[in-house]
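The values are calculated or read from the model by the stated rules, or taken from the named source; none is laboratory data. Keep in mind that what you see is a predicted model, and the values were worked out from it rather than measured. Cβ atoms come from the backbone with ideal geometry, glycine included; neighbour counts cover every protein chain shown. All accessible areas refer to the heavy atoms of the entire protein, side chains included, with ligands and DNA or RNA removed. Shrake-Rupley method; radii C 1.70, N 1.55, O 1.52, S 1.80 Å.
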Amino acid sequence: ADEEKKLSKNELKKLAKKKEREAAKAAKAAGGKPANSGGAAPSSSTGSSSGAPTAAAAAAAAAKKRKPADPVHRLANVPAGGTSDACTLKACMTSVLYGTPLMPGGTAADLPFLHGPALLYGDATSACPAVAFGGNGIIKALALANNATEGTNNMTAEMDDWLEYERSELRPALGSGNAKKIDAAMSKLAAALEGHGAVSVVGGGAPLSAADLAITLTLLHHEDGAALSSASPSIQAYANITKSSPAYAEAKKLAKTLLPPASFDPSDPSLLNASSAIFAAAISKAFPSAVSLGIEIKAFKCKDIKHGDYQCNVAMPLFQKL
């Protein structure tokens, strides 16, 4: 023991390991298990010598306990003028009125045939498929998506009929500019309003149904509401119910948050804007779900010149979200 005290720490460690090997050989020769020099129970094969789990085992256990992320609705392909785009506002106002959260979805590159917003559904941290596109399709999907309102008349056959009217009669008539077609579509609308208290096209008398949203937002935003100027007072008052509602103002605010990052504009002389656009394009390509995670992709001028001219501080926030 006195000799061991004079040895250095490294020499003592070597001596302890040598004794362990000799004890293991002796136990093996005797047909038993290797003895632990300290008399403690042997350590677990998945742990350290103290019996504690390894870092890998702890990470695996944490991954098993971690619940998968709840699926979310995202709106992709929102045009630059989203705050005045009827399709975008249909999605946003339905989200507000029916309590179905809506997150930004960037650009759905797998839908080249689509020239307007698309509703995506899935895990917020990964790419997910489109489940609806077109303003009326998105209205129906969001109105029926909230489990808290399951069993209520969020969507009825009558509402569905009026959504079809808006798609196949009202919109084409306004787009054609043909006075006779517009008058016919407007007359049908005015007759329905007269029969339902002038506040809705569906029975029950409650304004701002899914059908009312589709019709009034089209009237308000087709060529900046040009058709409303010559419409009957009842139709003008009907459209104003939507325009003056708090949900309309909230939908406008929500639409701003869903706009995709600005693309590179060669005519813009701002190097800061160009850097932001390049960063956004690169990050969106590498991580398509980045926009939907609520992370602002923006470039800043470096405070210290040794770090370069511009930088984008999105790496760590993105890593934490993913």
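The table below gives the values:
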quantity: Percent accessible area from carbon and sulfur atoms, region 202-276, protein chains only, probe 1.4 Å; calculated: 58 percent
quantity: Per residue solvent-accessible surface (Å²) - region 189-322, probe of 1.4 Å; calculated: 56 Å²
quantity: Ranked packing of 305-318, 74-87, 178-191, most packed first, by mean Cβ within 10 Å; calculated: 74-87, 178-191, 305-318
quantity: Eligible aspartates and glutamates near residue 140 by straight Cα distance, threshold 20 Å, same-chain separation 8 or greater; calculated: 85, 150, 158, 160, 161, 164, 166, 169, 212, 250
quantity: Residue 187-residue 70 FRET efficiency (beta carbon distance; Förster radius 41 Å; 0.05 resolution); calculated: 0.35
